[in-house]
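Participant: Quick one: this structure, given as structure tokens, is what I'll be asking you about.
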Amino acid sequence: EPEVTQTPSHQVTQMGQEVILRCVPISNHLYFYWYRQILGQKVEFLVSFYNNEISEKSEIFDDQFSVERPDGSNFTLKIRSTKLEDSAMYFCASSNGQGNSPLHFGNGTRLTVT
Amino acid sequence: DAKTTQPPSMDCAEGRAANLPCNHSTISGNEYVYWYRQIHSQGPQYIIHGLKNNETNEMASLIITEDRKSSTLILPHATLRDTAVYYCIVRVGDTGFQKLVFGTGTRLLVSP
């Protein structure tokens with residue numbers, strides 16, 4: 001069964017550094033999402049992306065965050081200058097956008113900011 | 001999207017059926033009920049969804065009441081690997097962009 005893959009599984013970075021989290025969505029999917037989950041808290045929506053532009057973003061997704069689909073297969077989340085509070089699990093998801101079809105999530109990247 | 005209410009935790013013996021309830025009394029006519037689960041810190045895993053008819057797949061069954069104000073996810077023969085947080089989410093089943101809003105879910109513990 002096709003799946004969403006994310007790399008790396010764990011990223012450690014120092015405060016103020018830039019990080020790029022990578023995702024390969026399911027191949028025929030057109031809608032892409034990033035969610036995050038701070039340890040012990042809810043899964044929170046960050047951003048959705050379709051047709052090379054952001055469809056919606058949450059209040060969390062400020063100017064430090066950006067997303068890109070650099071080629072036909074990858075979808076990336078960049079954090080320009082990481083803060084301690086960015087430490088979380090980051091989940092990529094994709095959907096084909098047809099009717100009520102569900103989102104499919106990757107297994108996440110654990111980002112630790114020290 | 002309509003709000004959902006789930007019990008914070010439930011226990012189930014291995015091999016028995018796990019019945020996870022969800023209340024969504026403000027659901028509207030075009031909103032679907034979706035169930036996801038999250039095992040430990042893995043990504044949310046899609047389980048099943050439905051509009052008004054009962055649904056079954058290889059993972060679970062979804063029973064939706066006739067008035068659609070509540071539903072039950074049934075894992076017919078729970079195993080230890082079914083220990084997870086289960087999320088009931090209600091959203092419109094439009095084409096296109098499908099944002100999910102996760103609550104706190106039900107933490108299901110399956111014991112030997």
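FYI, it's all coordinate maths here, none of it is from the lab. Here the structure is a predicted model, which is why all the values come from computation and not from measurement. Please note: Cβ atoms are built from the backbone with ideal geometry, for glycine as well, and neighbour counts cover all protein chains shown.
Participant: What distance in nm separates the simple spin-label points at A:His10 and A:Asn52, each placed 7 Å from Cα in the Cβ direction?
Facilitator: In this crude spin-label approximation the distance works out to 3.8 nm.
Participant: Let me ask another. Considering all projection directions equally, how large on average is the shadow of the alpha-carbon convex hull of the protein assembly as shown, in square nanometres?
Facilitator: 12.3 nm²
Participant: On to the next question. Taking loop as defined by DSSP and a crowding limit of 15 other beta carbons within 10 Å, which trypsin sites (Lys or Arg not before Pro) in segment B:1-97 fit?
Facilitator: Sites meeting the loop and neighbour criteria: B:Lys3, B:Arg16, B:Lys52, B:Lys69.
Participant: Find how much the distance from B:Thr56 to B:Lys3 grows on full extension, using 0.36 nm per residue of separation minus their present alpha carbon separation; answer in nm with one decimal.
Facilitator: Full-extension gain reported as 16.7 nm.
Participant: Check B:Ala2: other-chain or 5+ apart residues with amide H under 5 Å from its amide H, H built from backbone geometry?
Facilitator: Answer set, sorted by chain and number: B:Ser28.
Participant: Expressed in nm², what is the orientationally averaged projection area of the convex hull enclosing the Cα positions of chain A?
Facilitator: 7.1 nm²
Participant: Run the numbers on chain A and let me know its relative contact order in percent, using alpha-carbon pairs under 8 Å that are six or more apart.
Facilitator: Normalised by residue count, the contact order of chain A is 39 percent.
Participant: Nothing charged except the Cβ atoms of Lys and Arg (+1) and of Asp and Glu (-1): what's the magnitude of the dipole of chain B about its Cα centre? Round to the nearest 20 debye.
Facilitator: Dipole magnitude for chain B comes out near 200 debye.
Participant: How large is ³J(HN,Hα) for each residue in segment B:65-78, as worked out from phi by the Karplus curve 6.51 cos²θ - 1.76 cosθ + 1.60 (θ = phi - 60°), to whole Hz, x for Gly and Pro?
Facilitator: Result, ordered by residue: 5, 4, 7, 6, 8, 8, 8, 9, 8, 10, 9, x, 9, 5 Hz.
Participant: Across the protein assembly as shown, how many lysine pairs, 8 or more apart or on two chains, come within less than 22 Å at their alpha-carbon atoms?
Facilitator: Eligible lysine pairs with Cα atoms under 22 Å apart amount to 16.
Participant: Would you mind telling me the antiparallel percentage of the DSSP bridges in chain B, rounded to 5?
Facilitator: Percentage antiparallel, nearest 5: 85.
Participant: If I take R0 = 45 Å and measure r between the Cβ atoms of B:Glu66 and A:Ser73 in this structure, what FRET efficiency does the formula 1/(1 + (r/R0)^6) give, to the nearest 0.05?
Facilitator: 0.50
Participant: Given the options B:Val33, B:Val85, B:Val101, which has the most mean-square fluctuation in a GNM of chain B, springs set between C-alpha atoms less than 10 angstrom apart?
Facilitator: With Cα springs under 10 Å in chain B, the top fluctuation among B:Val33, B:Val85, B:Val101 is at B:Val101.
Participant: Would you mind giving the three semi-axes, in whole Å and largest first, of the ellipsoid equivalent to chain B according to its Cα gyration tensor? The partial results should precede the final answer.
Facilitator: Details: eigenvalues 104, 43, 31 Å².
Sorted largest first and rounded, they come to 23, 15, 12 Å.
Participant: For A:Glu3 and B:Ala13, what does the FRET efficiency come to when R0 = 45 Å and r is the distance between their Cβ atoms, rounded to the nearest 0.05?
Facilitator: 0.90
Participant: Pop the C-beta distance of A:Gln98 and A:Asp62 into the FRET formula with R0 = 25 Å and round what comes out to the nearest 0.05.
Facilitator: 0.20
Participant: What dipole magnitude, in Debye to the nearest 20, does the protein assembly as shown give about its Cα centre under +1 on Lys/Arg Cβ and -1 on Asp/Glu Cβ?
Facilitator: Around 300 debye, computed over the protein assembly as shown.
Participant: In whole angstrom, how far apart do the alpha carbon centroids of segment B:1-68 and segment A:26-97 sit?
Facilitator: Each part's Cα centre sits 25 Å from the other's.
Participant: Which of the cysteines found in the protein assembly as shown have nothing to pair with, since no other Cys Cβ lies under 4.7 Å from theirs?
Facilitator: B:Cys12
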